[in-house]
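The values are calculated or read from the model by the stated rules, or taken from the named source; none is laboratory data. This structure is a prediction, so every number in the text was calculated from the model and none was measured. As a convention, Cβ positions derive from the backbone with ideal geometry for all residues, glycine included, and neighbour counts pool all protein chains shown.
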Amino acid sequence: MSNKQFDVIVIGGGPGGYVAAIRAAQLGFNVACIDEWKNAKGGPALGGTCTNIGCIPSKALLQSSENYDHAGHHFADHGIKVEGLSLDLAKMLARKDAVVKQNNDGIVYLFKKNKVSFFHGRGSFVKAADGYEIKVAGAAEETIAGKHIILATGSNPRPLPGADFDEENILSNDGALRIGGVPKKMGLIGSGVIGLEMGSVWRRLGSEVTVLEALPTFLGAVDDQIAKEAHKAFIKQGLKIELGVKVGEVKSGKKGVSVAWTNAKGEAQTLEVDKLIVSIGRVPNTIGLNAEAVGLKLDERGAIVVDDDCRTSLPNVWAIGDVVRGPMLAHKAEEEGVAVAERIAGQHGHVNFNTIPWVIYTSPEIAWVGQTEQQLKAEGRAYKAGTFPFMANGRARALGDTTGMVKFLADAATDEILGVHIVGPMASELISEAVVAMEFKASAEDIARICHAHPSLSEATKEAALAIDKRTLNF
Ligand SMILES: Cc1cc2nc3c(=O)[nH]c(=O)nc-3n(C[C@H](O)[C@H](O)[C@H](O)COP(=O)(O)OP(=O)(O)OC[C@H]3O[C@@H](n4cnc5c(N)ncnc54)[C@H](O)[C@@H]3O)c2cc1C
């Protein structure tokens, strides 16, 4: 038996794991967190996919590339002349890396502040013995023991069969965030959140981007009206989007990548690109956990089987985040981490899956919470819809960014808000008001009667709520 005993051992230091560790420590537990991520120098890099090759670096590059795009195409509208504009991609990538490091270091600080013991290496089950013994394989090897185990081992990108990631020509999100020169032509397989964000970055920096999507509809999970508006905006920006395609053979060579594909009409096509990003989903990661040693149950997708409270098939073993069912989102992982720590402490932690916001950080941004109009129709629910365009919003005009709208969906009888959908400027920030409203079971009228600052984009939210009763004031 190890002499290092913990109340709670968290395996995985991404947003699910590190937040679970901090919350458990706040609740008075003696906590360890094991994470194997290595930075370029082989040292620890806490924060998981989200911090290292996901949410944070993608947003850093989205911001930088948007600034570049604005300087090149939109500053002139404001009377600002830019001469000799040029791109220092190496500096842009270095800034992104610095942002990532600030976040890595921030978590180290938070662990110290909360007295979470950190172990750098791979954690795997040894055996169940009055709690669980976990081996940590890092620079050295040691075994630690814990009464409760929280598994937060995240996910990995799904490769396209026959076109493995080489991160040179065929890129996952990892390679897509560190291309050393702007590719002339870029292909993107999959038009999900990650693919669209990566495609936007490189298009703004000058690549000609073609998106191949197998599904016949664009952004199928998004409200139809919002998805159509976004599609229009992306096409206008120059993104080529092909829907309903079948991807065939992918050949990668010195000159780039060639993709054989069939369009929706069944015509054979070939796409020749310098780089190909494959973004067709993510696979739960349990590699190296030695789950067999303790009989941990996985489903057919490889996800750890959990109940509504994140309990696994083993007593006192919990699992959260991308490695379990539910949306693969950092904030969902964090909420589950907090809830599990509280359940271990005998409290009633809770995650409301109906009010988890979704955001796509493209330009225009897309954000939503709750049900879409097509879902309500399929359910046969009586609802009212109200929309308000940013074109009629003073702040959006002042920003010079009037694409898109806010859309409210409310129950026809009770006026309870059932969904809010936004495409347009700062949708990622605006959606919070809708999340709060839905958590408090607000009606559309509640939002319509609240005073919103003028001029602000949030007035479009209030006006969309007013539109439910066909009484917008500014449209
Ligand atoms: C390009 C991109 C952009 C994204 N943007 C967003 C966004 O804007 N907003 C959003 O909400 N989500 C976003 N996501 C999704 C988000 O990154 C994930 O949902 C989130 O990281 C999941 O958190 P997690 O804690 O479950 O796992 P992860 O963040 O994947 O962390 C798991 C950690 O566990 C470690 N690990 C795994 N196995 C072991 C082991 N046996 N021993 C020790 N350590 C181990 C891994 O090394 C890793 O550090 C994005 C993802 C990508 C790829």
Residue check, Arg301 buried (at least 18 other Cβ atoms within 10 Å of the Cβ), of a type in the set (D, E, K, R) and out of contact with any Phe, Trp or Tyr (no Cβ under 8 Å at 6 or more places or on another chain):
no
Taking the range 312-335 and the residues there that are closer than 21 Å to Ser428 by Cβ and of a type in the set (D, E, K, R), the one that is farthest from the ligand (Cβ to nearest atom) would be Glu335
Only one of Lys255, Lys251, Lys228 is over 22 Å from the mean Cα position of the chain (by Cα) and at pLDDT 95 or above, namely Lys251
Residues that are assigned to a loop (DSSP other than H, G, I, E, B) and more than 9 Å from the ligand (Cβ to nearest atom): does the range 3-21 have at least one?
yes
Checking Asn103, Asn156 in turn, the sole residue that is touching a strand residue (DSSP E or B) at 6+ places or on another chain (Cβ under 8 Å) and of a type in the set (S, T, N, Q) turns out to be Asn156
Heads up, the strands (runs of 3 or more DSSP E) in the range 206-311 (entirely inside) with at least 3 residues that are of a type outside the set (Ser, Thr, Tyr), within 30 Å of Pro357 (Cβ to Cβ) and within 16 Å of the ligand (Cβ to nearest atom) are 282-284
Turns out the strands (runs of 3 or more DSSP E) fully within the range 312-430 with at least 1 residues that are in contact (Cβ under 8 Å) with a residue 24 or more places away in the chain and assigned by TED's automatic domain parsing to the domain that holds Ser443 are 358-360, 365-370, 383-389, 405-411, 417-424
Within the range 409-433, the residues that are under 19 Å from the mean Cα position of the chain (by Cα) and not hydroxyl-bearing (Ser, Thr, Tyr) are Val420, His421, Ile422, Val423, Gly424, Pro425, Met426, Ala427, Glu429, Leu430, Ile431
Taking the range 90-135 and the residues there that are at pLDDT 95 or above and on the phi > 0 side of the Ramachandran plot, the one that is surrounded by the most Cβ atoms within 10 Å (Cβ to Cβ) would be Gly121
Those residues of the range 31-40 which are surrounded by 17 or more Cβ atoms within 10 Å (Cβ to Cβ) and in a loop (DSSP other than H, G, I, E, B) amount to Glu36, Trp37
Selection over the range 31-58 where residues are more than 7 Å from the ligand (Cβ to nearest atom), over 20 Å from the mean Cα position of the chain (by Cα) and not small (Gly, Ala, Ser) yields a count of 6
Taking the range 179-194 and the residues there that are closer than 16 Å to Gly281 by Cα and in a loop (DSSP other than H, G, I, E, B), the one that is nearest to the ligand (Cβ to nearest atom) would be Gly192
(message) Considering only the range 73-81, I want to know if a residue exists there that is surrounded by fewer than 14 Cβ atoms within 10 Å (Cβ to Cβ) and within 16 Å of the ligand (Cβ to nearest atom).
(response) no
